[in-house]
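S.K.: First the structure, which I've put down as structure tokens, then a few questions once you've had a look.
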Amino acid sequence: MYTSKADFCTLKSISLRRGGRSNGPPVRRYFLLEVLPMSHHNSAHSGKFRSSAGFILAAVGSAVGMGNIWLFPYRVGQYGGGAFLIPYFIFVALFSYAGLSGEFALGRLTGTGTIGSFDYALKIRGKRGGKIIGIMPLLGVLGIAIGYSVVVGWVLRYIAGSVTGSVLSGDSAAFFDTLAVDFGSVPWHFIAVALTVLVLVLGVSAGIEKISKFMMPAFFVLFLIIAVRVAFLPGAVDGYLYLLKPDWSYLLNPETWIMAMGQAFFSLSINGAGMLIYGSYMKKSEDIIHHSVVTALLDTMAALLAGFAIIPAVFAFGIEPASGPSLMFVTLPKVFQLMPGGQLFALLFFVSVFFAGITSLMNMLEACGAALESNLKLPRWLSTTIVGVVVFGVSVFLESLSGMGSWLDLITIYVAPFGAVLGAVFIYWVLGLDPIKKELMLGRDKPIGKAFDFIAKYVYVILSAAVVIFGIIYGGIG
């Protein structure tokens, strides 16, 4: 049975008045004392998001990343155009409703990150070991941050190259090849990690919230400017047809649904750690489900906007669309070379990509730094700096395209998805539906739908496991 913090305070008061005795058995009283004060303890030094907009934009910043930009547009065209969007929208709705909301709710309920939350869930069951299990999702997030920091460093170099014009002055493939080699991007890579650490040291409201409130609106504005300009390019219509013209036969292909599921799952940053820690900084008056839905909508809009900006431009100049880093760092510079005012639009593009990348990196480092801060009782500046040093110290040896790619394949296929499954299981099976639904109802007037229990406990958890299985079978699905 779930016992609220208020219930605990009452029990403790009764126990003191009776000379340390209570009606409950000693074991029950013991883990109430140990588990329930966790929320109060950790929230005291972590800070909170000051506004709903700040929280949502930070969550969107975490969700919007390279997958929205270099994979989503290609995958839409690869699996039936507009037909692909149908399963994609279905999975986005499902994963935001049960996945994002569950991670936000567990974080806010416990007031701490993955390690403390898993420990809380197991102790409610009278068991131990949650802290050890909670390390797994953090390893996944840390692993992604290590590879991601390399890419953000590349983006910074392309911003500088766009300012000087060097990105557009020669062979874009050769420019990237000189960068994406062993120790080929050390200063830019270091700046990316250092900037992220600096923002996080400022705290939740003064750092994460303030930067997200600037960077994410700017991301949408810059991409919108590019998309509008691209719409006037001769031949752009072929790109729109590639993205939107539906081939309904693909809906009969199971692979379409598998890829849509993977794209939706990873795009929302469901990993059992990042969104959970942001949830721990959410005020009790906020409507979690509403914020989850808005986050998913804005993330989807970002993916579509990226597609409308990139693919029509590629088709306008008769260049074959690609996916992954080659699309962003090789194909698009070729497009900007041919586009009137290309240097300006290259700068706008890479600045917007940097905003998407740095806000995602902030979330990953925050999840890991908060774990050190809470469990080792370190000051925020020290825990964040330690994580930054680890991220840079490992990733500096992965600056080649092959090194970064192999590392991210390992993490995103095996480690991170498994951590996400653990999060789903701990939220809906170990802790259980009752405390989560109680948390979801805080700040909300409309009752949760009757279908939530089944969707969360069975559909969402099973699909999370399916992401792991199909990711291994296909060598990555998101």
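S.K.: Given a 1.4 Å probe and every protein chain left where it sits, what share in percent of the accessible area of segment 52-474 is carbon and sulfur?
M.R.: Taking all protein chains in place, segment 52-474 shows 72 percent carbon and sulfur surface.
S.K.: Please list, or write none, the lysines whose alpha carbon is within less than 17 Å of the alpha carbon of Lys210, excluding same-chain residues fewer than 8 places away.
M.R.: Lys48, Lys283
S.K.: Sort Lys283, Lys450 by heavy-atom solvent-accessible area, probe 1.4 angstrom, most to least.
M.R.: From most accessible down to least: Lys450, Lys283.
S.K.: Express in Å², to the nearest 10, the accessible area of Met362 obtained by rolling a 1.4 Å probe over the protein heavy atoms while all chains stay in place.
M.R.: 0
S.K.: Still on this structure, I have one more. Sorted by average packing, counted as other Cβ atoms within 10 angstrom per residue and highest first, what order do 438-448, 145-155 take?
M.R.: Taking the mean over residues of other Cβ atoms within 10 Å, the ranking is 145-155, 438-448.
S.K.: Grab the other residues whose beta carbon is less than 15 angstrom from that of Val199, score K and R as +1, D and E as -1, and report the net.
M.R.: Counting the neighbours of Val199, the net charge comes to +1.
S.K.: May I pose another question? Just the number, please: Stokes-Einstein D of segment 353-478 in µm²/s, Kirkwood Rh from C-alpha pairs, 25 °C, 0.890 mPa s.
M.R.: Result for D is 140 µm²/s.
S.K.: Here is a follow-up. Quickly work out the Val228-to-Leu139 label distance, labels modelled 7 Å from Cα along the C-beta direction, and quote it in nm with one decimal.
M.R.: 4.9
S.K.: At Asp434 and Asp177, where each label point lies 7 Å from the Cα along Cα→Cβ, what is the point-to-point distance in nanometres?
M.R.: 6.5
S.K.: All other residues with a Cβ under 10 Å from the Cβ of Ile277 taken together, and with Lys, Arg as +1 and Asp, Glu as -1, what is their net charge?
M.R.: Net local charge, Ile277 excluded: -2.
S.K.: Just the number please: accessible area per residue for segment 287-399, 1.4 Å probe, all protein chains included, in Å².
M.R.: With all protein chains present, segment 287-399 gives 31 Å² per residue.
S.K.: I want to check the label-to-label distance for Leu410 and Ala218. Put each point 7 Å from Cα in the C-beta direction and report it in nm to one decimal.
M.R.: Between Leu410 and Ala218, the simple spin-label model gives 3.4 nm.
S.K.: Now for a separate question. So which DSSP H runs in the chain come out at 30 Å plus along the axis (Cα) with average Kyte-Doolittle of at least 1.6?
M.R.: Helices meeting the criterion: 135-164, 210-231, 288-316.
S.K.: Among the aspartates and glutamates, which have Cα under 20 Å from the Cα of Lys284 when same-chain residues fewer than 8 positions away are ignored?
M.R.: Within the straight-line cut-off, Lys284 pairs with Asp7, Glu103, Glu209, Asp434, Glu439, Asp445.
S.K.: Given a Förster radius of 22 Å and the C-beta distance between Ile191 and Ser166 as r, what FRET efficiency does 1/(1 + (r/R0)^6) yield to the nearest 0.05?
M.R.: The calculated FRET efficiency here is 0.80.
S.K.: Let me cross-check Glu373: its accessible surface, 1.4 Å probe, with only protein heavy atoms counted, in Å² to the nearest 10?
M.R.: Accessible area of Glu373: about 10 Å².
S.K.: Order Tyr278, Tyr250, most accessible first, counting only protein heavy atoms with a 1.4 angstrom probe.
M.R.: Sorted by accessible area, descending: Tyr250, Tyr278.
S.K.: Moving on to the next point. Is the chain best put as rounded, prolate or oblate by its Cα gyration tensor, with a ≥ b ≥ c the root eigenvalues, rounded for a/c under 1.5, and otherwise prolate when a/b is larger than b/c, oblate when not?
M.R.: Prolate, because a/c is 1.5 or more and a/b exceeds b/c.
S.K.: Now for a different question. So what is the calculated 222 nm ellipticity per residue for the chain, using -39500 (n - 2.57) for each DSSP H run with n of 4 or more, over all residues, to the nearest 500 deg cm²/dmol?
M.R.: Result for the chain: -21500 deg cm²/dmol, rounded to the nearest 500.
The values are calculated or read from the model by the stated rules, or taken from the named source; none is laboratory data. The structure presented is a predicted model; accordingly, all values stated were derived computationally and were not measured. Heads up, the Cβs are rebuilt from the backbone with ideal geometry, glycines too, and the neighbour counts pull from every protein chain shown. All accessible areas refer to the heavy atoms of the entire protein, side chains included, with ligands and DNA or RNA removed. Shrake-Rupley method; radii C 1.70, N 1.55, O 1.52, S 1.80 Å.
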